[in-house]
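Student: Can you keep this structure in mind? I'll have questions shortly.
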Amino acid sequence: MWRGMKVASTMLLKMREIATWSKGFSEASWMLLACGCLSLMWARKWVRSKKERFPQGPLVLPIIGHMHLLMSLPHQALAKLGPKYGHLIGLKLGQQRCVVVSSPDLAKEFLVTHDKSFANRPPYGFTSVLLYGPENDLFFSGYGAPWRKHRKMCTLELFTAKRLQETEHVRQEEVGVLLQRISDLSRGGSAAIEVGECVAEMSTNLISRLLYSGPRVTSQKKDGENLPQLVKEMEQETAPFLGDFIPWLSWADVFRKRHMRKLHNRIDVVISGMLNERKQAMLQNSAPKGDFLHTLLSKEMAKSSQEDDVLTMNEIKSIMLGMLGGSIHTTSLTLEWAMAELLKNPHCLAKLQREIDTVLGKKDQITDADIPKLSYLRCVMKEVFRLHPVTPLLIPRFSTSECKVRNYTIPANTHLLMNTWAIGRDEQVWKNAAQFLPERFESKDIDVKGLNFDLLPFGGGRRICLGLPLGLSIVEVTLANLVNKYNWKLPVGETSASLNMDEMAGITANRAIPMKAVPKLRL
């Protein structure tokens with residue numbers, strides 16, 4: 001501002017000097033011309049500033065920018081900025097630009113209008129150290145032909161309606177094992193159990209069987225390493241390096257990279273051993289057929305002339321690791337939050353049990369075919385997804401081209417965080433947003449498949465979670481059976497009012513305190 005005033009005063013003085021010897025213009029004419037020139041300059045500067053305008057955000061700290069906001073519970077910290085800065089917030093993560101979206105309208109604009117610009121993932125360094133490289137990974141790879149090939153393969157072999165029907169018996173068997181295990185651990189309903197631990201074990205066995213006909217594992221197994229255990233360790237390490245945001249501080253990541261490489265080597269030993277063993281069995285025609293691993297190795301061993309059908313060993317390893325990492329923990333965590341909300345709101349639990357009894361009668365085990373009949377169950381699941389999305393900020397996206405959003409310019413190479421947690425708790429979108437009210441969905445035609453932008457637990461657009469059909473089927477059937485089989489009570493000394501619903505720090509919405517409850521048989 002001061003610089004502009006100085007320039008203006010200098011120009012006025014020059015105009016006066018010119019006016020003293022100029023006979024063609026009066027002093028007033030020269031003053032008018034000077035004001036016109038200044039107006040044009042300021043107008044041009046104003047237009048340029050508007051054209052290059054980036055969303056506002058809080059005060060930028062030296063070096064780290066806004067990285068401190070992502071340290072503990074980032075989705076909650078970013079949601080608190082909404083009342084002051086709006087639903088589109090601009091951040092600086094070190095030297096990287098980032099925008100945070102927390103409204104359905106803006107979510108639609110980014111995931112539909114500008115979906116192609118934001119279809120890529122940020123080039124995080126851990127994908128080359130912990131995983132099998134960004135070009136092979138299912139979740140962090142760029143948007144291109146390799147990603148489309150991997151996604152199509154996974155969808156056709158695991159997530160089509162036909163494939164889900166063919167593998168339904170596996171889900172039913174594992175749910176049956178879960179129900180029996182709960183009875184054993186609770187000693188007939190006399191002891192509390194950790195709900196999340198039991199469900200995670202079921203989820204591990206189910207996904208392992210679908211992917212590679214893996215043997216059943218239990219939480220008591222301690223002899224050696226197995227892939228599901230390593231996947232849990234990998235999830236805790238899946239986070240960007242400091243050098244991803246501040247390149248000149250990349251030396252500070254040396255110890256973390258060393259730890260990641262050791263973990264990657266442990267994972268690779270297990271996966272390589274499993275693949276080699278299966279290949280030998282396939283050569284001897286003694287391998288189990290019909291699982292996902294058999295299909296993948298068939299494409300590697302066939303050496304097809306069509307490049308679209310060929311898979312390398314690193315691609316197969318990466319796909320297997322990604323499918324395990326993206327399914328086991330997310331499923332068990334969703335079910336743990338669902339049980340916690342039902343126990344905190346016992347009238348909802350009672351209403352769900354009444355619906356099951358009325359619609360299905362006294363049934364020992366509920367199947368996929370029964371789920372469409374249970375409308376209140378689906379309302380409960382939607383309400384759980386609204387309040388407790390497993391990945392509150394989804395997986396970050398990365399722009400490849402400049403785009404215009406409202407009156408802002410979003411340059412290329414900008415990170416995008418979609419705060420689904422904040423959208424789900426926005427009073428402007430949801431009345432009584434902090435309360436668990438499944439009934440709110442009885443009068444709303446809303447699903448979780450990425451077309452309703454006020455409920456996006458699985459994301460949307462091109463990068464929507466490809467495991468949505470299987471994941472939704474598992475959580476709905478499992479929750480229905482848990483509620484149908486048992487009357488759940490909180491442990492002695494704990495009430496619904498005192499039940500802790502806090503989250504643990506991390507990129508996923510983990511419970512701060514594991515969910516414990518006492519199950520007593522109903523039937």
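Student: Would you mention how many residues in segment 464-478 are more than 15 Å from Ile207 (Cα to Cα) and out of contact with any Ser or Thr (no Cβ under 9 Å at 6 or more places or on another chain)?
Tutor: 2
Student: Looking for something over 21 Å from the mean Cα position of the chain (by Cα), at pLDDT below 90, assigned by TED's automatic domain parsing to the domain that holds Phe139 and farther than 18 Å from Pro389 by Cα - is there at least one such residue anywhere in segment 422-443?
Tutor: Yes, segment 422-443 contains at least one residue that is over 21 Å from the mean Cα position of the chain (by Cα), at pLDDT below 90, assigned by TED's automatic domain parsing to the domain that holds Phe139 and farther than 18 Å from Pro389 by Cα.
Student: Without any contact (Cβ under 8 Å) to a residue 24 or more places away in the chain and assigned to a loop (DSSP other than H, G, I, E, B) - does that describe any residue in segment 292-302?
Tutor: The answer is yes, given that some residue of segment 292-302 is without any contact (Cβ under 8 Å) to a residue 24 or more places away in the chain and assigned to a loop (DSSP other than H, G, I, E, B).
Student: While we're looking at this one, here's another question. Check Lys344, Lys351 and return the single one that is farther than 21 Å from Ile513 by Cβ and either aliphatic (A, V, I, L, M) or modelled with pLDDT of 95 or more (or both).
Tutor: From the options Lys344, Lys351, the qualifying one is Lys351.
Student: Within segment 223-276, restricting attention to residues that are touching a Gly at 6+ places or on another chain (Cβ under 7 Å) and of a type in the set (Val, Ile, Thr), which residue is surrounded by the most Cβ atoms within 10 Å (Cβ to Cβ)?
Tutor: Applying the filter and picking the extreme gives Val231.
Student: Only one of (1) without any contact (Cβ under 8 Å) to a residue 40 or more places away in the chain; (2) buried (at least 22 other Cβ atoms within 10 Å of the Cβ); (3) farther than 27 Å from Phe139 by Cα is not met by Gln56, so which one is it?
Tutor: Gln56 satisfies every listed condition except (2).
Student: Check Leu455 against each of (1) farther than 15 Å from Met381 by Cα; (2) under 18 Å from the mean Cα position of the chain (by Cα) and name the one condition it does not meet.
Tutor: Against the list (1) farther than 15 Å from Met381 by Cα; (2) under 18 Å from the mean Cα position of the chain (by Cα), Leu455 comes up short only on (1).
Student: Kindly indicate which of Asp137, Asp105 is at pLDDT below 95, within 30 Å of Arg386 (Cβ to Cβ) and within 20 Å of the chain's Cα centre (by Cα).
Tutor: Unique residue meeting the criteria: Asp137.
Student: Residues Gly125, Gly86, Gly94: which one is in the same structural domain as Ile267 (by TED's automatic domain parsing), among the small types (Gly, Ala, Ser) and either within 20 Å of Thr420 (Cα to Cα) or surrounded by 21 or more Cβ atoms within 10 Å (Cβ to Cβ) (or both)?
Tutor: It is Gly86.
Student: With the condition being surrounded by 22 or more Cβ atoms within 10 Å (Cβ to Cβ), I'd like the helices (runs of 4 or more DSSP H) fully within segment 330-443 carrying at least 3 qualifying residues.
Tutor: In segment 330-443, 375-387, 420-424 are the helices (runs of 4 or more DSSP H) which contain 3 or more residues that are surrounded by 22 or more Cβ atoms within 10 Å (Cβ to Cβ).
Student: Which ones in segment 199-209 are buried (at least 22 other Cβ atoms within 10 Å of the Cβ) and in contact with a helix residue (DSSP H, G or I) (Cβ under 6 Å, 6 or more places away or on another chain)?
Tutor: Residues satisfying the conditions are Val199, Met202, Ser203, Thr204, Asn205, Leu206, Ile207.
Student: Still on this structure: Looking only at segment 344-398, filter to residues that are free of Cβ contacts under 8 Å to residues at least 12 places away in the same chain and either outside the structural domain of Asp502 (by TED's automatic domain parsing) or among the hydrophobic types (A, V, I, L, M, F, W, C) (or both); which one of those is farthest from Val448 (Cα to Cα)?
Tutor: The qualifying residue farthest from Val448 (Cα to Cα) is Ala350.
Student: Taking only pairs six or more apart or across chains, which ones have beta-carbon atoms under 6 Å, a first residue in segment 181-202 that is part of a helix (DSSP H, G or I), and a second residue that is at pLDDT below 95 and surrounded by fewer than 16 Cβ atoms within 10 Å (Cβ to Cβ)?
Tutor: Final answer for the pair search is Gly196/Pro514; Glu197/Ser219; Glu201/Ser219.
Student: Report, by residue number, each residue of segment 508-523 that is closer than 19 Å to Ala239 by Cα and touching a Pro at 6+ places or on another chain (Cβ under 6 Å).
Tutor: Ala509
Student: Which one of Glu235, Glu300 is in the same structural domain as Asn205 (by TED's automatic domain parsing) and under 30 Å from Gln96 (Cβ atoms)?
Tutor: Sole residue among the options that is in the same structural domain as Asn205 (by TED's automatic domain parsing) and under 30 Å from Gln96 (Cβ atoms): Glu235.
Here is a yes/no grid of residues against (1) assigned by TED's automatic domain parsing to the domain that holds Met339; (2) within 17 Å of Leu333 (Cα to Cα); (3) out of contact with any Pro (no Cβ under 7 Å at 6 or more places or on another chain); (4) outside any loop (DSSP other than H, G, I, E, B):
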residue	(1), (2), (3), (4)
Leu470	yes, yes, yes, yes
Thr478	yes, yes, yes, yes
Val492	yes, no, yes, no
Gly506	yes, yes, yes, no
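Student: Whether any residue in segment 141-162 is within 25 Å of Ser250 (Cβ to Cβ) and touching a Ser or Thr at 6+ places or on another chain (Cβ under 7 Å) is what I want to check.
Tutor: Among the residues of segment 141-162, not one is within 25 Å of Ser250 (Cβ to Cβ) and touching a Ser or Thr at 6+ places or on another chain (Cβ under 7 Å), which makes the answer no.
Student: Take the residues in segment 459-510 that are β-branched (Val, Ile, Thr) and free of Cβ contacts under 8 Å to residues at least 12 places away in the same chain, then tell me which one is nearest to Leu185 (Cα to Cα).
Tutor: For segment 459-510, the residue satisfying everything is Val492.
The values are calculated or read from the model by the stated rules, or taken from the named source; none is laboratory data. Computed from a predicted structure; not experimentally measured. FYI the Cβ positions are ideal-geometry reconstructions off the backbone, even for glycines, and counts take in every protein chain you see.
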